[in-house]
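The values are calculated or read from the model by the stated rules, or taken from the named source; none is laboratory data. What you are looking at is a predicted structure, and each value in this text was computed from that prediction instead of being measured. Ideal geometry is used to build each Cβ from the backbone, glycine not excepted, and the neighbour counts take in all protein chains shown.
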Amino acid sequence: MQALALFSFSARVFAHAPPIFALGAEAAVEYLLPWSREMSLKLCCTMAVGFVLCGAAFAQTPLPPMPGRRIVTISPAEKRGNEPSIAVDPKNPDHVVATFQPATIAYSTDGGRTFATAELPPVEGWRGGGDVSVAFDNKGHAYLGTLHFDKLGSQSYWAHGAGRNGIFVRHSLDGGKTWEKDAATVKAYQGNEAEIQWEDMPRVFADSQPKSPFAGNIYVGWIEWQLDKSIMLFARSTDSGKTFSQPMRISTHAGLPRDDNGGLVGFDGVVGADGTVYGIWNDGSTITFTHSRDGGRSFEPSRVAIDVAPPYFGGAGGIPGVSRVMGFPQIGVDVRPGQNGALYLTWSDYRNGDVDVFCVSSTDHGKMWSKPVRVNSDPIHDGIDQFFQWMAVDPVTGDVYVQFYDRREDPANRKTGFTLARSTDGGKSFVSYSWSESAFESQNAFLGDYTWLAAYNGKVYGAWTEALPVSAEAPSPQPGHPPRAMTVVRVGFADFSSVR
């Protein structure tokens with residue numbers, strides 16, 4: 001209120017100033033000189049105090065460090081890692097599996113204190129592997145979903161001119177140490193079919209709920225790009241990932257056939273305590289929602305859950321220093337007994353000018369959603385971006401965790417830290433903690449399309465990508481473009497088990 005009063009006074013001062021815009025420069029100086037001697041001291045003091053108060057209002061208070069914070073780098077120095085996923089074994093929480101692309105597995109048997117790299121047999125007949133995701137089932141078995149392809153189409157119209165591509169799932173019986181040689185095919189395009197198609201962004205998840213009638217089912221949801229549209233597909237396995245059902249379309253509305261605003265993008269799925277499968281994705285400027293009550297055999301018609309801003313931050317410079325950023329959503333569910341299965345959605349968008357992170361909740365299984373809560377706690381409209389969020393709901397405590405890249409400590413909006421926000425009141429409010437130990441600055445870096453987060457009984461595991469400083473000898477991806485930064489994958493640990 002004091003700052004507003006001072007600025008109001010400044011406005012009144014200028015309102016009574018002479019009409020200098022109608023005068024020439026020399027005449028204006030001569031005309032204003034007596035008035036300026038009288039008013040300059042008052043005006044300068046007013047503006048100085050106002051600027052001090054305004055600066056104080058927008059100053060960023062350093063976030064508190066994460067309780068029990070620990071950070072491990074899991075990608076080798078010679079490999080550019082990104083797009084990580086991480087999961088905790090509900091049967092033995094000391095078992096943690098993380099993966100990143102190009103398809104690499106890191107596993108821990110000591111609750112994420114140390115990680116070792118597993119030997120991952122290749123998918124026979126295919127190279128590499130990306131768009132990775134990992135999950136545990138109700139028996140403590142781990143599953144890895146990957147996308148493989150021979151060549152891409154054009155940069156945005158990926159389905160046009162694309163080569164062979166396919167989605168595969170691999171299986172580990174010992175917490176991620178070793179992986180079975182044979183991979184299950186979810187769907188593959190061989191190149192000789194009548195219609196060209198491109199499978200993209202698969203997400204593997206499992207029914208690990210002890211009282212679910214479908215416990216042990218493995219699910220995969222993904223995008224299929226076609227020449228004239230994009231659709232969401234879904235498949236399930238009832239035999240521990242050995243085989244998968246014929247893919248079924250679960251998107252009532254089709255999107256545009258482009259990998260940017262207008263296409264369907266960003267499938268994410270979760271399983272409730274009763275075995276209900278919930279799925280979401282972006283469709284234009286909306287988040288679309290559907291669910292299945294019969295273990296993934298069939299789904300309700302998909303419908304808009306909430307209106308958002310477009311999920312692709314590429315226009316108008318996007319986010320400085322990052323080659324592209326997606327804001328697609330995640331869904332979480334409270335599986336505690338007696339909690340009625342509260343649902344949560346998170347996403348990021350630029351409705352406030354800069355990019356912010358948001359959360360909504362539903363207590364009626366997705367029929368109605370609350371008003372959006374802004375998760376990041378920096379001042380609104382401050383020009384600072386928070387992006388690439390990911391959410392996890394602790395199955396034991398019900399706490400909601402959301403992590404994101406955060407530039408609040410750099411007024412220039414360039415240096416990037418990593419933040420974890422925690423809600424203990426059902427997503428109504430969040431408290432933010434600093435996860436990364438130091439900020440990094442990216443130059444033309446590809447951080448991937450997502451980060452990942454897992455939580456179990458107050459212990460939280462995040463996986464994200466960071467850019468390393470660019471050396472002068474680094475090659476450029478294209479002539480005339482700056483060199484692309486090397487990237488590494490970090491796994492962060494936090495312990496809230498004694499913090500309420």
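Quick one: which of Ser377, Ser362 is closer than 30 Å to Asp89 by Cβ and surrounded by fewer than 23 Cβ atoms within 10 Å (Cβ to Cβ)?
None of the others qualify; the one that does is Ser362.
Just wondering, is there one or more residues in region 163-175 that are assigned to a loop (DSSP other than H, G, I, E, B) and crowded, with 21+ Cβ neighbours inside 10 Å?
There is at least one residue in region 163-175 that is assigned to a loop (DSSP other than H, G, I, E, B) and crowded, with 21+ Cβ neighbours inside 10 Å.
Restricting to region 289-311, give me the number of residues that are in a loop (DSSP other than H, G, I, E, B) and either under 23 Å from Ala206 (Cα atoms) or touching a helix residue (DSSP H, G or I) at 6+ places or on another chain (Cβ under 8 Å) (or both).
Final tally of qualifying residues: 10.
Does region 329-350 contain any residue that is touching a strand residue (DSSP E or B) at 6+ places or on another chain (Cβ under 6 Å), surrounded by fewer than 19 Cβ atoms within 10 Å (Cβ to Cβ), in contact (Cβ under 8 Å) with a residue 12 or more places away in the chain and charged (D, E, K, R)?
Among the residues of region 329-350, not one is touching a strand residue (DSSP E or B) at 6+ places or on another chain (Cβ under 6 Å), surrounded by fewer than 19 Cβ atoms within 10 Å (Cβ to Cβ), in contact (Cβ under 8 Å) with a residue 12 or more places away in the chain and charged (D, E, K, R), which makes the answer no.
Go through region 394-429 and report how many residues are of a type in the set (A, V, I, L, M) and surrounded by fewer than 24 Cβ atoms within 10 Å (Cβ to Cβ).
Number satisfying all stated conditions: 2.
Here is a list: Ser442, Ser432, Ser436. Which entry is within 30 Å of Ala273 (Cβ to Cβ) and in the same structural domain as Gly318 (by TED's automatic domain parsing)?
Exactly one of Ser442, Ser432, Ser436 is within 30 Å of Ala273 (Cβ to Cβ) and in the same structural domain as Gly318 (by TED's automatic domain parsing), namely Ser432.
Report the residue count in region 231-264 for those that are surrounded by 24 or more Cβ atoms within 10 Å (Cβ to Cβ), at pLDDT below 95 and in a strand (DSSP E or B).
1
Being over 24 Å from Gly130 (Cβ atoms) and among the small types (Gly, Ala, Ser) is the filter; apply it to region 59-101 and report the residue that is surrounded by the fewest Cβ atoms within 10 Å (Cβ to Cβ).
Across region 59-101, the extreme among qualifying residues is Ala59.
Could we say that Gln209 is polar (S, T, N, Q) and modelled with pLDDT of 95 or more here?
Taking the combined requirement at face value, the residue satisfies it.
Restrict the check to region 189-207 and report whether at least one residue is within 22 Å of Gly295 (Cα to Cα), outside any strand (DSSP E or B) and touching a residue at least 60 places away in the same chain (Cβ under 8 Å).
Scanning region 189-207 turns up at least one residue that is within 22 Å of Gly295 (Cα to Cα), outside any strand (DSSP E or B) and touching a residue at least 60 places away in the same chain (Cβ under 8 Å).
Among the residues of region 128-141, are any buried (at least 22 other Cβ atoms within 10 Å of the Cβ), at pLDDT below 95 and out of contact with any Lys or Arg (no Cβ under 8 Å at 6 or more places or on another chain)?
Yes, region 128-141 has at least one match.
Given (1) part of a strand (DSSP E or B); (2) within 23 Å of Val271 (Cβ to Cβ), where does Gln339 come up short, assuming only one miss?
(1)
What number of residues within region 262-318 are touching a residue at least 60 places away in the same chain (Cβ under 8 Å) and β-branched (Val, Ile, Thr)?
Counting residues in region 262-318 that are touching a residue at least 60 places away in the same chain (Cβ under 8 Å) and β-branched (Val, Ile, Thr) gives 8.
State which residue is modelled with the highest pLDDT when the search covers only region 462-500 and only residues that are among the polar types (S, T, N, Q) and within 27 Å of Val400 (Cα to Cα).
Thr465
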